[in-house]
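What follows draws every value from the coordinates through simple rules; no lab data is involved. Owing to the predicted nature of the structure, the values given are computational and were not obtained by experimental measurement. All Cβ positions, even for glycine, are placed from backbone atoms using ideal geometry, and neighbour counts span all protein chains on display.
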Amino acid sequence: MTSIAAFTNNAYAQFGSAYARAAAIQPSLANILNAADTGSSVDPNAATNLTLSDAARARLASAATTPDHATVVSNARKSLDDLYAAAQVTRPLTNDGKQTIDLSKLDRRSLFAISSNAGGKFTGDEQSVASNELKSRLDAALAPAAATAAMTNNYTVVYKAALNYLDAAGSEEKATSTWAAQHAAVQKGYQAAQQKPDAIPSGIPSDPVAAYLAKNPHGTPAKVQKDFGTVAKDVRTALDTQAQDANQNGRELVYEPGRKTGQLVDFSTMDGRALSAIALNQNNLFSLQEVIAAKKELNSRTRNSMLSSMKQSQSSGDPLQFSLGVLQSYSAMSDEERLAVGWTPAFRDTLVQNYRSTSSMMSMMQAA
């Protein structure tokens, strides 16, 4: 298994700060990431015998079809009713305005259906909490980029993050005048930021980025997160449920993709903080094979994130995009995730310094 800490101390340091070296080093770094050993030797015939969990198969099947609008509306109504039943409440807000249900598991199309009262099936309070959840998701999408902009004084990253968020909207949301106005504003802001990265574009009507940065110049303040010990207990329960599911189907829950038989553990629904709870194993709730598997999954996600930043840098011909991308990944992580993958404040500071050095070198070359 390739250690992320080792990578950041050695391979990334070789990236250097000079623009002239960037083109030569990035392909080498990409090879290092791509060739990182996952810690197991995979039998090419194993895939024909290894089974996925029922939940994983269900997700693959659902991904093959996109539900129509009527189905989305119907499912959204049912999801709300199920949440009420689970929380033993009948409405989303108490008399004093406190939210009674958690909408974080609903997908974006469902939230938009509720917020827009599609089919007239949703109450005013339901529309309100769905709208707030959508706003929270936009804020969450912009927060890492805003934190990166605060460190680098480059605001193109925030506008690019906003464009990515808007482009990921469902067809119903994209058909609205609000989406069209915001997308046009963000596109205009992005183009302006490209011309002058160190200034927040101003005077653009319907610009959600400028509005966000006016309130959160360093990114959205961190929300109160679930206690890490509770996260670990919830993950323990989730893994036990997978093991029970495997047992009911006459299989064993396994953690190595190279195994020829068994039901492979499904980490796809676990976020980085959940995986970190397994990898760090602070309360000794997890077995050694679970810890190793979680570390591999975290390392894989981290490598993929860095590779994505590198490819963006290479495709755009802009070496700054690598540091900007990795800084956004750093800013998006919880403290536990950073600890689990070995991303320290010193690593962050190195990224910032590399960005500044490369930016300075590029300015010198352009002025020559």
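Place a +1 charge on the Cβ of each Lys and Arg in segment 69-137 and a -1 charge on the Cβ of each Asp and Glu, then give the dipole magnitude about the Cα centre in debye, rounded to the nearest 20. Show your work: numbers first, answer last.
Numbers: 10 positive and 8 negative charges, 44 e Å.
Charge dipole of segment 69-137: 220 debye, to the nearest 20.
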Ordered by packing density, taken as the mean number of other Cβ atoms within 10 Å over each peptide's residues, highest first, how do 145-155, 105-115 rank? 145-155, 105-115
Taking R0 as 41 Å, what FRET efficiency do you get between Lys226 and Ser360 from their Cβ-Cβ distance, rounded to the nearest 0.05? 0.45
With only alpha-carbon atoms counted, please give the Rg and Dmax of segment 102-256, in Å. 20.0, 64
Eigenvalues of the alpha-carbon gyration tensor of segment 130-178, times 5 and square-rooted, give semi-axes in Å, largest first, of 23, 12, 7
Could you give the length gained on full extension between Ser308 and Asn153, defined as 0.36 nm per residue of separation minus the Cα-Cα distance, in nm? 53.6 nm
Checked against a 31 Å limit on the C-alpha separation, the offending pairs among Lys196/Lys295; Lys98/Lys296; Lys98/Lys121; Lys215/Lys295; Lys105/Lys260; Lys98/Lys233 are Lys196/Lys295; Lys98/Lys296; Lys215/Lys295; Lys105/Lys260
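Any idea what the dipole of segment 227-331 comes to, in debye rounded to 20, about its Cα centre with Lys/Arg Cβ at +1 and Asp/Glu Cβ at -1?
Working: 11 positive and 11 negative charges, 60 e Å.
Charge dipole, segment 227-331, about its Cα centre: 280 debye, nearest 20.
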If one computes the Cα centroid of segment 251-296 and of segment 171-247, what distance in Å separates the two points? 28 Å
